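Chemist: The structure under discussion is supplied below as structure tokens; questions concerning it will follow.
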Amino acid sequence: MTRVLQHLARAVVAAALLATGAANAQQAQPWPQRPVTIVVGFAAGSTADLVARAMATSLSQRTGGSFVVDNKTGANGMLAASTVARAKPDGTTLLISTSSPLTVNPHLYPNPGYVPQKDFRFITPIVSVPLVVAVNPNQPLMKNVFTIEDLKRVGMAKANGLTYGSAGNGNLTHLAAAQLSTSLGFKSVHVPFRGSAPADIALLAGDVDYTVGPISNAQLIKDGKLRALMVTDSERWADLPAVPTVTDMKMPEMGIVAWTALLAPAGTPDDIIEALGNHVRAITVDPRSKQSLGMQGRIWTLTPAQFSARVADESTRYGDLVKQLNIKLE
């Protein structure tokens, strides 16, 4: 009986060691071990969507894992952000967000469903996105609008004001367009959409008079379908070298630059955050992806600490701007 018990004890110990080894091996496997969903709060074709799809492709190539993009549109990216804030922090759910859901929404919505500094791990921005004041030259009202002064003249002459499209209520494109009409002194009416691409479509269709949208519409401008009046940055955009900047126009209050960034739910392990940051930085210097990302904005990365501080600073600035412009939910 004693020998039987000894053999049984050895078998139990061996099984335990094997199980422990298997568990350790499983834990040692590099991320990602399962498919990863990248949630985006804006429509297909928008800057955030295009950045997310470029990142999904590059991350799949670099890691051998599966990355899929899930567009959860609505409430200026709030639906996507709240979804990721509630997700399991295991590296299988990520967020590609523009700046607005993190720096503007908390000042407009009493309960957006997340607290940026509490509910997310900040990984890195990917691109900074200058905005462009644009009109449709094929619309009779804007046929002779070539400059900001021309837009002011037309706006002042229209009793009911001009309409402008944005990527959503509280989006930076909303704040920038409202600031523009305030600075130029004409009335304006806001028409929100679920992303910058639908706003561009509305501008092309003549449904709105102007937009202050992402630089990703540069091709429409180069093709003559839209006309650019100003870039909301201090540097001129390489593809639109003739378009003046806020510095050229002496309008520093219009220096509103958006960005698109990568985040994860709070509690996501440090090793996954570090791996993601390293992958993004490598992707942004890879010629294969650098060109496509560069079409959406200026490539720009930060450490998690730098990114967190930037979000806090911009949140303070845009919270003040919301109050100054008396921006309300519509």
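Chemist: Among the residues of the stretch 110-166, count how many are farther than 23 Å from residue 205 by Cβ, of a type outside the set (A, V, I, L, M, F, W, C) and not in a loop (DSSP other than H, G, I, E, B).
Modeler: 12
Chemist: Same structure again: Kindly indicate which of 118, 72 is charged (D, E, K, R), out of contact with any Pro (no Cβ under 9 Å at 6 or more places or on another chain), at pLDDT 95 or above and closer than 23 Å to residue 174 by Cβ. I'd like the intermediate steps shown before the answer.
Modeler: On the way: 118 fails: closer than 23 Å to residue 174 by Cβ.
Answer to the check: 72.
Chemist: Further question on the same structure: Within the set of pairs 6 or more residues apart or between chains, which connect a residue that is surrounded by fewer than 20 Cβ atoms within 10 Å (Cβ to Cβ) inside the stretch 179-200 to a residue that is of a type in the set (Lys, Arg) with Cβ atoms less than 6 Å apart?
Modeler: Pairs that qualify, where the first residue is surrounded by fewer than 20 Cβ atoms within 10 Å (Cβ to Cβ) and the partner is of a type in the set (Lys, Arg), are 184/152.
Chemist: Go through the stretch 179-222 and give me each residue that's in a helix (DSSP H, G or I) and of a type in the set (Gly, Ala, Ser).
Modeler: The first filter runs over the stretch 179-222 and keeps only residues in a helix (DSSP H, G or I), leaving 179-184, 196-205, 215-222.
Matches in the stretch 179-222: 181, 183, 196, 197, 199, 202, 205, 216, 218.
Residues checked against (1) surrounded by fewer than 21 Cβ atoms within 10 Å (Cβ to Cβ); (2) at pLDDT below 95:
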{"position": "2", "(1), (2)": "yes, yes"}
{"position": "29", "(1), (2)": "yes, yes"}
{"position": "51", "(1), (2)": "no, no"}
{"position": "55", "(1), (2)": "no, no"}
{"position": "83", "(1), (2)": "yes, no"}
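Chemist: For the stretch 120-129, state whether one or more residues are of a type in the set (Phe, Trp, Tyr) and without any contact (Cβ under 8 Å) to a residue 60 or more places away in the chain.
Modeler: Applying the first criterion (of a type in the set (Phe, Trp, Tyr)) to the stretch 120-129 yields 120, 122.
Then keep just the ones that are without any contact (Cβ under 8 Å) to a residue 60 or more places away in the chain; that gives none.
The answer is no, given that none of the residues of the stretch 120-129 is of a type in the set (Phe, Trp, Tyr) and without any contact (Cβ under 8 Å) to a residue 60 or more places away in the chain.
Chemist: So which residues in the stretch 273-316 are of a type in the set (Lys, Arg) and surrounded by 12 or more Cβ atoms within 10 Å (Cβ to Cβ), if there are any at all?
Modeler: To start, the set of residues in the stretch 273-316 that are of a type in the set (Lys, Arg) comprises 281, 288, 290, 298, 310.
Passing the criteria: 281, 290, 298, 310.
The values are calculated or read from the model by the stated rules, or taken from the named source; none is laboratory data. No experiment lies behind these values; they were computed from the predicted model shown. No Cβ is skipped: glycine too gets one built from the backbone with ideal geometry, and neighbour counts run over all protein chains shown.
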